[in-house]
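Notes for the one structure printed next.
The values are calculated or read from the model by the stated rules, or taken from the named source; none is laboratory data. Keep in mind that what you see is a predicted model, and the values were worked out from it rather than measured. In this analysis, Cβ positions are derived from the backbone assuming ideal geometry, glycine residues included, and neighbour counts consider all displayed protein chains. Just so you know, the surface numbers come from the protein's heavy atoms only, side chains and all, with ligands and any DNA or RNA stripped out. Shrake-Rupley method; radii C 1.70, N 1.55, O 1.52, S 1.80 Å.
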Amino acid sequence: MNAQLKDVQTILPMQVSQLPEVLVVERRAYEFPWTDTILKDCLKAGYSAWVLADSDGVLIGHALMSMAVDEAHVLNLCVDPSQQRRGLGLKLLNHLMTIARAANASIVLLEVRKSNKAALRLYESVGFQRIGVRKAYYPAKDGREDALALGFAIRWAPTPPAVARNSPGR
């Protein structure tokens, strides 16, 4: 029973008071992590910012997305390396996609390091398509690294009308 409880995660709105914990995860996951200033600026701007906490309340991931007009842009999706390969990145991504749909976004965009094969597999597995390359987008040990620009077109199909089961003449 305790093992099952440990696997319960909760997605909550990110608070400024959680930034020290968010930064711990960020630094564990990335060689070039976001800074406290960048995260604070995202919160001040009102971006959609979320933390993923385990059943003990320990932060194990986070995600940030901006939205403007009918476009959503995933800015950061991060899972603690000790918690990766458990579907948590997908859980955070699905949460962001739900928010984008609710906001009537027509497209969700993101960038991913060309070398981040695991993230690329995640994004492509849910339907993101490669739409371009941003040259020298990310800092890297040996200078800069290209980013793949990905997009997911959200299609708003109308709900089909209910079909009457006992229509006359049928």
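So which of 21, 31, 71 is of a type outside the set (Val, Ile, Thr), more than 19 Å from residue 128 (Cβ to Cβ) and surrounded by 15 or more Cβ atoms within 10 Å (Cβ to Cβ)?
Every option except 21 fails the conditions.
Among the residues of the stretch 36-44, are any of a type in the set (Ser, Thr, Tyr), open to solvent by 50 Å² or more (accessible area, probe 1.4 Å) and touching a Leu at 6+ places or on another chain (Cβ under 8 Å)?
no
With respect to residue 51, determine if the residue is open to solvent by less than 20 Å² (accessible area, probe 1.4 Å), in contact with a Gly (Cβ under 6 Å, 6 or more places away or on another chain) and either of a type in the set (Val, Ile, Thr) or within 22 Å of residue 139 (Cβ to Cβ) (or both).
Numbers: open to solvent by less than 20 Å² (accessible area, probe 1.4 Å): yes; in contact with a Gly (Cβ under 6 Å, 6 or more places away or on another chain): no; either of a type in the set (Val, Ile, Thr) or within 22 Å of residue 139 (Cβ to Cβ) (or both): yes.
The answer is no for residue 51.
Go through the stretch 99-157 residue by residue and tally those that are closer than 17 Å to residue 73 by Cβ and of a type in the set (Asp, Glu).
Total meeting the criteria: 1.
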